[in-house]
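Note sheet for the following structure.
The values are calculated or read from the model by the stated rules, or taken from the named source; none is laboratory data. Fair warning: this is a prediction, and the values are worked out from it, not measured in the lab. Please note: Cβ atoms are built from the backbone with ideal geometry, for glycine as well, and neighbour counts cover all protein chains shown. Note: areas computed on protein heavy atoms with side chains; ligands, DNA, RNA excluded. Shrake-Rupley method; radii C 1.70, N 1.55, O 1.52, S 1.80 Å.
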Amino acid sequence: MRSRALALFIVGAPVVFFLLSGLRAVQLAREGDVPEAWRDLDCDGKVGWAEWLRGGIDFRLRPSELVPGCQDVYAVKTGRAMVVRCEAAPQCRLARDLPKK
């Protein structure tokens, strides 16, 4: 009986830890700076679960340096803009496709 309990702990503890980490990641993504509608990081019109999660955790908003009057969705770690979001069309543009200033 003791060996079963030990085996259950050895297998179960990492699973529980992994699930708690996933729940915390979702919580952080919900509280993120980037609105859920703007988390389309490749401008294909669809927000997948990985884009939603990364957009909420790894990215922030700032006034655009590339297009005046728009917002840059930039990576916190590098500071590099990934997507430029605007109110007027085109609303979503990849920063790598825009000319640098």
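Structure summary
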quantity	calculated
Degrees between helix 2-30 axis and first principal axis of the chain (Cα, 0 to 90, nearest 10)	20
Average accessible surface area per residue within the chain, 1.4 Å rolling probe, Å²	73
Read-out percent of Cα pairs over 21 Å apart, derived from the coordinates shown; its label in (1) 37; (2) 45; (3) 25	(2)
Within the accessible area of the chain (1.4 Å probe), percent carbon and sulfur	63
Theoretical ellipticity at 222 nm over the chain - DSSP helices of four or more residues, -39500 (n - 2.57) apiece, nearest 500	-13000 deg cm²/dmol
Highest-fluctuation residue, ALA88, ALA37, ALA13 considered, GNM on the chain with Cα pairs under 10 Å	ALA13
The chain - percent relative contact order, Cα under 8 Å, separation 6 or more	18
For peptides 50-57, 29-36, 92-99, 4-11, sequence by mean Cβ density within 10 Å, most packed first	50-57, 29-36, 92-99, 4-11
Taking region 52-101 and dividing mean pair separation by its residue count, relative contact order in percent (alpha carbons under 8 Å, at least six apart)	26
Estimated inter-spin distance, TRP49 and ARG24, nm [label 7 Å along Cα→Cβ]	2.0
For region 8-37 and region 49-101, distance of Cα centres in Å	25
